[in-house]
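The values are calculated or read from the model by the stated rules, or taken from the named source; none is laboratory data. Just so you know, these numbers come straight off a predicted model, no measurement behind them. Reconstructed Cβ throughout: ideal geometry from the backbone, glycine too, with neighbour counts over all protein chains shown. Accessible surface areas use protein heavy atoms only, side chains included; no ligands, DNA or RNA. Shrake-Rupley method; radii C 1.70, N 1.55, O 1.52, S 1.80 Å.
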Amino acid sequence: IFEAKIEVLAVQGPKSFKLMEKVFGNEINNLKFFRFDFFEFNKIKYLISKSGYSKQGGFEIHIENSKEGLKLYDYFFEIGNEFNLKPGAPNLIERIEGGLLSYGNDIDIGDNPYECGFDKYVHLESDIVFLGKENLKKIKKEGIKKKLMGVKIEGTSINVTHGIPILDSDNNEIGELRSAAFSPKFKKIVGIAMIKKDYCKFGEKFRIKLNENFVAGEVCNLPIL
């Protein structure tokens, strides 16, 4: 098992659709959400998916040839003025609010799909054999013991965002914070946390130690609305 050497160039935002159409042609508009196809630029084919690390919509271009990929990048900025195109990075706040999970932060190899809200993507009734299938059958039968949930926390700043214990009123650990950031929309810190099943209730109150002080928080659903 190995990871392909692929670079990803994300073109995101409400104007991304017209920009991509200008570069790759009108056919790019036929792509459905989370589907992919091959499109050509400068005689090079690129695998492009209608996906991205934002909740605004857009595309991800998968680049195998870095030299050609840089030419594509430069071309975007040659024609991008009318779209107010700017370079950027994934927006942590938007990602958390939208419930877009980050492997290695929000989820890892110690979590299972049912705990992460991926139930509809797990098909155990087929004859297909895959790693973990029997264990997943057992988990489905017995039920999960923890689940990823959204959280809202009182405060405007947070330094460490991963692995901070979430406590009930008696200081019992009921979960852990996985990702968090201050949200101007909610005027408080929003985050993604793994919470013990008995506490996965909308509005469930908790306390958490941030920046050497205990502050209040509550459990909410994902995405955070």
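At a 1.4 Å probe radius, which order do Glu115, Glu154, Glu78 fall into by accessible area, largest first?
Of Glu115, Glu154, Glu78, the descending order of accessible area is Glu78, Glu154, Glu115.
What ranking of Arg35, Arg95, Arg207 comes out by heavy-atom accessible area, probe 1.4 Å, highest first?
These residues rank, largest area first, as Arg35, Arg207, Arg95.
Give me the net charge for the shell around Ser54: Cβ to Cβ below 9 angstrom, other residues only, Lys and Arg +1, Asp and Glu -1.
Local charge sum for Ser54: +1.
Relative to the first principal axis of the alpha-carbon coordinates of the chain, what is the inclination of helix 66-79, with its axis defined by its Cα atoms, in degrees from 0 to 90 and to the nearest 10?
80
Roughly speaking, to the nearest percent, how much of the range 1-134's 1.4 Å accessible area is carbon and sulfur? Please report the intermediate quantities before stating the final value.
Working: 5060 of 9220 Å².
The value for the range 1-134 is 55 percent carbon and sulfur by accessible area.
Just to confirm, what accessible area per residue do you get for the range 102-151 at 1.4 Å probe, in whole Å²?
Details: 3580 Å² over 50 residues.
For the range 102-151, the per-residue accessible area is 72 Å².
Report the relative contact order of the range 45-94, percent, no decimals, based on alpha-carbon pairs under 8 angstrom and at least 6 residues apart.
Contact order relative to length: 31 percent.
Counting only C-alpha contacts under 8 Å and six or more residues apart, can you give the relative contact order of the range 114-225 as a whole percent?
Reported as a whole number, the value is 28 percent.
Can you give the FRET efficiency for Lys133 and Asn221, using 1/(1 + (r/R0)^6), R0 = 30 Å, r = Cβ-Cβ distance, to the nearest 0.05?
Computed FRET efficiency for Lys133 and Asn221 comes out at 0.55.
To make sure I understand the rule: partners must be lysines, Cα under 28 Å from the Cα of Lys209, and not fewer than 8 residues away in the same chain. Which ones qualify?
Once the sequence-local lysines are set aside, what remains near Lys209 is Lys145, Lys146, Lys147, Lys152, Lys185, Lys187, Lys188, Lys196, Lys197, Lys201.
If I take R0 = 30 Å and measure r between the Cβ atoms of Asn42 and Glu3 in this structure, what FRET efficiency does the formula 1/(1 + (r/R0)^6) give, to the nearest 0.05?
Taking R0 as 30 Å, the efficiency between Asn42 and Glu3 is 0.70.
Which of the lysines could be linked to Lys18 by a straight reach, that is with a Cα gap under 16 Å, when you skip same-chain ones fewer than 8 residues away?
Within the straight-line limit of under 16 Å, Lys18 reaches these lysines: Lys32, Lys50, Lys86.
How do Ser183, Ser54, Ser126 rank by accessible surface area computed with a 1.4 Å probe, from largest to smallest?
Putting Ser183, Ser54, Ser126 in descending order of accessible area: Ser126, Ser54, Ser183.
Tell me, what is the 1.4 Å probe accessible area of Asp119, in Å² to the nearest 10?
About 80 Å², ignoring ligands and nucleic acids.
What is the Cα centroid distance between the range 104-126 and the range 152-187, reported in whole angstrom?
23
How much accessible surface does Leu148 have with a 1.4 Å probe, in Å² rounded to 10?
10
Jot down the per residue volume, in cubic angstrom and as a whole number, of the convex hull over the alpha-carbon atoms of the range 120-225.
Value for the range 120-225: 122 Å³ per residue.
Need one word for the range 58-146: rounded, prolate or oblate. Basis is the Cα gyration tensor (sqrt eigenvalues a ≥ b ≥ c); a/c below 1.5 gives rounded, then a/b vs b/c decides.
Working: a/c = 3.56, a/b = 2.25, b/c = 1.59.
Note, shape of the range 58-146 comes out prolate.
Quick check: net charge around Leu85, other residues with Cβ under 13 Å of its Cβ, Lys/Arg +1 and Asp/Glu -1?
+1
Which aspartates and glutamates, if any, have their Cα less than 18 Å from the Cα of Lys205, not counting same-chain residues under 8 positions apart?
Partners within reach: Glu154, Asp168, Asp170, Glu173, Glu176, Glu218.
Quick one: putting +1 on the C-beta of Lys and Arg, -1 on the C-beta of Asp and Glu, what dipole do you get for the chain around its Cα centre, in Debye to the nearest 20?
For this selection, approximately 420 debye.
Given Cα pairs under 8 Å that are at least 6 residues apart, what percent is the relative contact order of the chain?
Over the chain, the number comes to 16 percent.
Run the simple label-point estimate for Lys209 and Asp168 please: 7 Å along Cα→C-beta, distance reported in nm.
In this crude label model, Lys209 to Asp168 measures out at 2.0 nm.
Given N residues in the chain, what is its alpha carbon radius of gyration divided by 2.2 N^0.38 Å?
For the chain, the normalised Cα radius of gyration comes out at 1.20.
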